[in-house]
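Step one of this worksheet: look at the structure below.
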Amino acid sequence: MGSIEVSHLTKCYSPGVPVVHDISFREEGSGAIGYLGPNGAGKSTTLKLLLGLLMPTSGEARLNDFDPVRDRRNALARVGAIIESPEPYPSERVFDALERVGQLRGLDRNGIDDEIDRCHRELHLPPLEWRCGWLSKGERQRVVLAAACLGDPEVLLLDEPTNGMDPAERVEVRGFLKRMKRDHLILMSSHLITDVSAICDRLIFIDKGEIRLHASAEEVAARVRVRAVDVEFARPIATEALEPLQPWAPKVTRLAERRFRLRFDGNEETLTRLLVECQRIGPLSSFTPAVPALEAAYRDIVTEGSVRPE
Amino acid sequence: MQDAPAPVLPRVATVPPVVAPKLPSSFSQWIVIARGQIRHYIRTYRFFGLLLFVGVVSAAWLILLVASGQGLVRLSFLNSISEFLTDYAQTLPLWIILAAGFFGGDALSVDFHSGTGYYTLVMPVNRSVLVAGRYASALFVTLAIVVVYDLFGLLGATYAFGPGAIPWDPLALSLGLSVLFAFAAVSVAFCFSALFETPATGVLTTILVLFVALTTLQGVVELAGFEPWWSLYYAGGAIANVLDWQFVAQQTIPVGGGQFIQSWSATAQEGAAIMTGYLVFFFTTSIVLYQRKESKG
């Protein structure tokens, strides 16, 4: 099975200004790891270091236990990757662009045809005789995803894999990656929390070049500080009826006839108290965090530098 | 150009992925890269564009010869086959430089200027193999231009002097030097391509340095009384010099007022040595530069 490892990895574009600073993690086996962080956090730089597209200032990156700078062929032999916005030659046909990848990975004629056929069906690729320069951004992204998956590599490094895709395409690709993660190791960076939460089992948060959190999705959800809940009553409720909640939820916003958003201090005791008080006001249909756990964690890390400690 | 339709793939029920058994050899990957690059030159019409240009210019040359044969124009270089071939071969280095700049000047920089590099550089291929594959294809199309140009010259010589007059041995030596010159010029183009990030810069720099800068500097150095042994353009002169029956490597030319200047022309050995030097130095440098280049953008 594949492995992804970075050890005390630092990269400075200019001396003394690290874009990635002393980060370490190791993932192996199968599953999907979400690599999250704001713009400029160091996500793409980490992936480029792993792929040998950048040279580390110090520390090392390893793919399948090979150094991508010193032993490029072995490190990338069982790895598929999408980084930044890859483009095959615009004059090249989709089939030729994929065939070239298959040949470089060592597939024979039948293997290439079977693999292109599989990707064509699973990713709904554009017509194979089309030139890559004719493709929309979403179509091109599906072609490069197919190229990354050709020859069934053990490890996939995906930087914004659904970039430029419409919602329907994103759903399709999410389904594809969910199937892939069963027996592949996927490291996926994305700004789209919905994609990451749908696909990834483990998460790494990076900000200002440093890893802030490396945990399973469940752990992140458990540790996240919920500061607002959406409560839906079984019947219409007047806003005044929610006045008893004032001591615990100073700000109440009406979202719909039966639906309100309650903002509070993020304390678990306050949350329990709010639930009890809401049940007193009327029967409840739902009582859920206003912001999904992953999004809340992301916000905590970006604004406060960490999520609540265990 | 009309593309052949892509193969129709069999529609089968869902099958498990085909696992790539093991990486092919670097030599096999080199062939894949070279073939893909030649296909790229053909698809972008760059190759056929330059080929057409060379063909049109050479055809115009032939038409001029025919007109001369019918007494419509008088051409001074038709005095002997040697004079004709020397004159014709003198422009060959320029065509080779143009072709090398066109095909090699952006062959590597394209990976750091657009998303093409992010498609190619994540493949399990050593960068030296990428350079060598693209180099082979740029050289191949450059030599195709040389062959077309030479064929027109041969046709003209046969028309003007008859097939029996062709001096095959000097011609073969000249062709060999053209091939070596193409190797050297493409190496220089690849080096500039590895150095710069904008494709157009590599193309223009190759043409400007090899043609404009070197010839200007060469003239200045010769006026100062030194042999320009370091200039590739000077070495390229050997392609024509070997066809010249009256070739003199060094001459003293009177310029009036009792003053003289020295003039040098490269011999075949000297030309070959300079070209080999350029080939080794610039090809090695382009591999080193390309291997160390980072995808920062």
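Structural remarks
- All positions within the range B:241-275 that are part of a strand (DSSP E or B) and more than 18 Å from B:Pro93 (Cβ to Cβ): B:Gln250, B:Gln251, B:Thr252, B:Ile253, B:Pro254, B:Val255, B:Gly256, B:Gln259, B:Phe260, B:Ile261, B:Gln262
- Index of the failed condition, A:Val17 passing every other in (1) surrounded by 22 or more Cβ atoms within 10 Å (Cβ to Cβ); (2) more than 13 Å from every other protein chain (Cβ to nearest Cβ); (3) farther than 23 Å from A:Lys181 by Cβ; (4) among the hydrophobic types (A, V, I, L, M, F, W, C): (1)
- Scanning the range A:29-88 for residues that are part of a helix (DSSP H, G or I) and in contact with a Gly (Cβ under 6 Å, 6 or more places away or on another chain) yields A:Lys43, A:Arg72.
- Candidate set: the range B:102-139, residues that are more than 13 Å from A:Pro88 (Cβ to Cβ) and of a type in the set (Ser, Thr, Tyr); chosen: the one farthest from the chain's Cα centre (by Cα): B:Ser128
- Residues that are surrounded by fewer than 24 Cβ atoms within 10 Å (Cβ to Cβ), facing another protein chain (nearest Cβ under 7 Å) and without any contact (Cβ under 8 Å) to a residue 60 or more places away in the chain within the range A:78-91 comprise A:Glu87, A:Tyr89, A:Ser91, listed in sequence order.
- Residues in the range A:191-200 that are of a type in the set (Gly, Ala, Ser) and over 11 Å from A:Tyr298 (Cβ atoms): A:Ala198 alone.
- Residues in the range A:107-138 that are aliphatic (A, V, I, L, M) and under 25 Å from the mean Cα position of the chain (by Cα): A:Leu123, A:Leu125, A:Leu135.
- Checking each residue in the range A:53-68 for being more than 8 Å from chain B (Cβ to nearest Cβ) and within 16 Å of B:Tyr118 (Cα to Cα) picks out only A:Pro68.
- The residue list A:Asp166, A:Asp195 contains one member that is in contact with a strand residue (DSSP E or B) (Cβ under 9 Å, 6 or more places away or on another chain) and among the acidic types (Asp, Glu), which is A:Asp195.
- Qualifying residue in the range A:167-180 (condition: aliphatic (A, V, I, L, M), in a loop (DSSP other than H, G, I, E, B) and more than 24 Å from A:Leu63 (Cα to Cα)): no
- Qualifying residue in the range B:78-87 (condition: within 14 Å of chain A (Cβ to nearest Cβ), hydrophobic (A, V, I, L, M, F, W, C) and farther than 30 Å from A:Asn64 by Cβ): no
- Test for B:Ala34: is it more than 10 Å from chain A (Cβ to nearest Cβ), at pLDDT 80 or above and under 19 Å from B:Thr158 (Cα atoms): no
- Screening the candidates A:Leu203, A:Leu187, A:Leu128, A:Leu177 for the property of being over 30 Å from A:Ala297 (Cα atoms) and not polar (S, T, N, Q) yields one hit, A:Leu128.
- The set of residues in the range A:101-112 being at negative phi, facing another protein chain (nearest Cβ under 7 Å) and either assigned to a strand (DSSP E or B) or in contact (Cβ under 8 Å) with a residue 12 or more places away in the chain (or both) consists of A:Val101, A:Arg105, A:Leu107, A:Gly111.
- A:Arg235, sole failed condition from (1) more than 30 Å from A:Pro38 (Cβ to Cβ); (2) surrounded by 16 or more Cβ atoms within 10 Å (Cβ to Cβ): (2)
- Complete set of residues in the range A:251-279 that are without any contact (Cβ under 8 Å) to a residue 24 or more places away in the chain, touching a Lys or Arg at 6+ places or on another chain (Cβ under 7 Å) and either more than 25 Å from A:Ala222 (Cα to Cα) or in a loop (DSSP other than H, G, I, E, B) (or both): A:Thr253
- Subset of the range B:281-297 [facing chain A (nearest Cβ under 8 Å) and buried (at least 18 other Cβ atoms within 10 Å of the Cβ)]: B:Ser295
- Flag if A:Arg118 is within 8 Å of chain B (Cβ to nearest Cβ), closer than 27 Å to A:Gly164 by Cβ and basic (Lys, Arg): yes
- B:Tyr159 being over 13 Å from the mean Cα position of the chain (by Cα), in a helix (DSSP H, G or I) and hydroxyl-bearing (Ser, Thr, Tyr): yes
- Residue match in the range A:261-283 (condition: hydrophobic (A, V, I, L, M, F, W, C), within 30 Å of A:Ser190 (Cβ to Cβ), surrounded by fewer than 16 Cβ atoms within 10 Å (Cβ to Cβ) and more than 29 Å from the chain's Cα centre (by Cα)): no
- Some residue of the range B:278-294 being outside any helix (DSSP H, G or I) and not small (Gly, Ala, Ser): yes
- In this structure, A:Phe233 does not satisfy being among the aromatic types (Phe, Trp, Tyr) and within 30 Å of A:Ser7 (Cα to Cα).
- Per the listing A:Glu139, A:Glu99, A:Glu129, the residue uniquely acidic (Asp, Glu) and buried (at least 22 other Cβ atoms within 10 Å of the Cβ) is A:Glu99.
Residues are listed down the side, and each one gets a yes or a no for (1) within 18 Å of the chain's Cα centre (by Cα); (2) modelled with pLDDT under 95; (3) of a type outside the set (Lys, Arg):
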| site | (1), (2), (3) |
| --- | --- |
| A:Gly2 | no, yes, yes |
| A:Ser24 | no, no, yes |
| A:Thr46 | yes, no, yes |
| A:Ser58 | no, no, yes |
| A:Leu63 | no, no, yes |
| A:Arg73 | no, yes, no |
| A:Ala81 | yes, no, yes |
| A:Pro88 | no, yes, yes |
| A:Ser91 | no, yes, yes |
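- Residues considered: B:Ser82, B:Ser76, B:Ser68. Of these, the only one that is modelled with pLDDT of 85 or more, more than 22 Å from the chain's Cα centre (by Cα), surrounded by fewer than 21 Cβ atoms within 10 Å (Cβ to Cβ) and not hydrophobic (A, V, I, L, M, F, W, C) is B:Ser82.
- A:Ala147 vs. criteria small (Gly, Ala, Ser), surrounded by 20 or more Cβ atoms within 10 Å (Cβ to Cβ) and part of a helix (DSSP H, G or I): yes
The values are calculated or read from the model by the stated rules, or taken from the named source; none is laboratory data. Computed from a predicted structure; not experimentally measured. Methodologically, a virtual Cβ is constructed for each residue, glycine included, from the backbone with ideal geometry; neighbour enumeration extends over all protein chains shown.
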